[in-house]
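Novice: I have a structure here, written as structure tokens, and I will follow up with some questions on it.
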Amino acid sequence: MGIDIKKHHVKNTNRTAPKSDNVYLALLVKLYRFLARRTDANFNKVVLKRLFMSRVNRPPVTVSRLAKYVAQHKDVAGKTFVVVGTVTDDTRLLEVPKLSVAALHVTKTAKARILKAGGEILTLDQLALRAPTGANTVLVRGSKNSREAVKHFGMGPHKNKKPYVRSKGRKFEKARGKRASRGFKV
């Protein structure tokens, strides 16, 4: 038996544990590792994988996104939204519907609004007791490319990406461009 030359020093870079030292996260990982092993539900495997992820890969979900989802899908009434990340408030949303949310973290204002609307907030370990196989749940993720930093990626000439400019004044990166005020003629 020889050595697989092509795949000899190829390392699997997927995370097998979280980088964080948070003891509560470590306990959640322990719990969902057990559930992923002992149940056939794919839900637990997905939650476990997301618990390992970095903060950038666990984008926040706003209350308005959950409300929009409820309005569009009538079949999710009574189901629990599961967010492996943070649930944040959205001041643009005037009325929050009754929601059942399980998340790693919920901001103070989001928590107050969900509870005021008659909803409930669970931690992921409470969810594991209630739905060990993820029954009657909806896994939700936030938008990963909504970060400010992403707008600047791939910057260069004719790329239409956002430049890192100190200020938006007259003296800062205001080249001639296709503007009449800068002497451009067709």
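Novice: Select from T80, M53, G156 the residue farthest towards the positive end of the dipole of the chain; place +1 on Cβ of Lys and Arg, -1 on Cβ of Asp and Glu, and compute about the Cα centre.
Specialist: Of T80, M53, G156, it is G156.
Novice: In percent, what relative contact order does region 49-186 have, based on Cα pairs under 8 Å that are 6 or more apart in sequence?
Specialist: About 22 percent, as a whole number.
Novice: Points 7 angstrom from Cα along the Cβ direction at T16 and E148: gap in nanometres?
Specialist: Taking the two extended label points, one gets 3.8 nm.
Novice: If all Cα-Cα distances of region 87-186 are sorted into 5 Å bins from 0 onward, what percent lands in each bin, rounded to whole numbers?
Specialist: Histogramming region 87-186 at 5 Å steps yields 2, 9, 13, 13, 11, 9, 8, 8, 9, 7, 5, 4, 2, 1 percent.
Novice: Mind listing the long-range amide H neighbours of L139? Cut-off is under 5 Å, sequence gap 5 or more, other chains count too, H placed in the peptide plane at 1.01 Å from N.
Specialist: V82
Novice: With the calculation restricted to Cα positions, what are the radius of gyration and Dmax of region 10-59 in angstrom?
Specialist: Expressed in Å, the Cα Rg and Dmax of region 10-59 come to 11.3, 33.
Novice: Next question. Considering only C-alpha atoms, what is the centroid distance from region 126-186 to region 69-98, in Å?
Specialist: Here the two parts' Cα centres lie 24 Å apart.
Novice: Moving to a separate point now. What distance in nm lies between label points placed 7 Å from Cα along the C-beta direction at V46 and V186?
Specialist: 5.2 nm
Novice: Next question, about the same structure. Between R92, R170, R38, find the one with the highest GNM mean-square fluctuation for the chain; connect C-alpha pairs within less than 10 Å.
Specialist: Most flexible of the set in this elastic network: R170.
Novice: For the chain, give the percent of accessible area contributed by carbon and sulfur heavy atoms, probe 1.4 Å, rounded to a whole number.
Specialist: Whole-percent figure for carbon plus sulfur exposure: 54.
Novice: Something else about it: Going Cα to Cα from K45, which aspartates and glutamates come in below 14 Å? Please leave out same-chain ones fewer than 8 positions away.
Specialist: none
Novice: Add -39500 (n - 2.57) for each DSSP H run of 4 or more in the chain, then divide by its residues: what number comes out at 222 nm, to the nearest 500 deg cm²/dmol?
Specialist: So the calculated ellipticity at 222 nm is -8500 deg cm²/dmol.
Novice: What three numbers, in Å, describe the spread of the alpha carbons of the chain along their principal axes, ordered from the longest?
Specialist: 70, 65, 32
Novice: Cut-off under 30 Å on the C-alpha distance; same-chain residues fewer than 8 positions from K162 excluded. Which lysines are left, in chain and number order?
Specialist: Result set, ordered by chain and number: K68, K144, K151, K171, K174, K178, K185.
Novice: Stick to the Cα atoms of region 59-108, pair each with every other, and give me the Kirkwood hydrodynamic radius in Å at one decimal.
Specialist: 11.1 Å
The values are calculated or read from the model by the stated rules, or taken from the named source; none is laboratory data. Model, not experiment: these values are computed from the prediction. Ideal geometry is used to build each Cβ from the backbone, glycine not excepted, and the neighbour counts take in all protein chains shown. Keep in mind that these areas ignore ligands, DNA and RNA; they rest on the heavy atoms of the full protein, side chains included. Shrake-Rupley method; radii C 1.70, N 1.55, O 1.52, S 1.80 Å.
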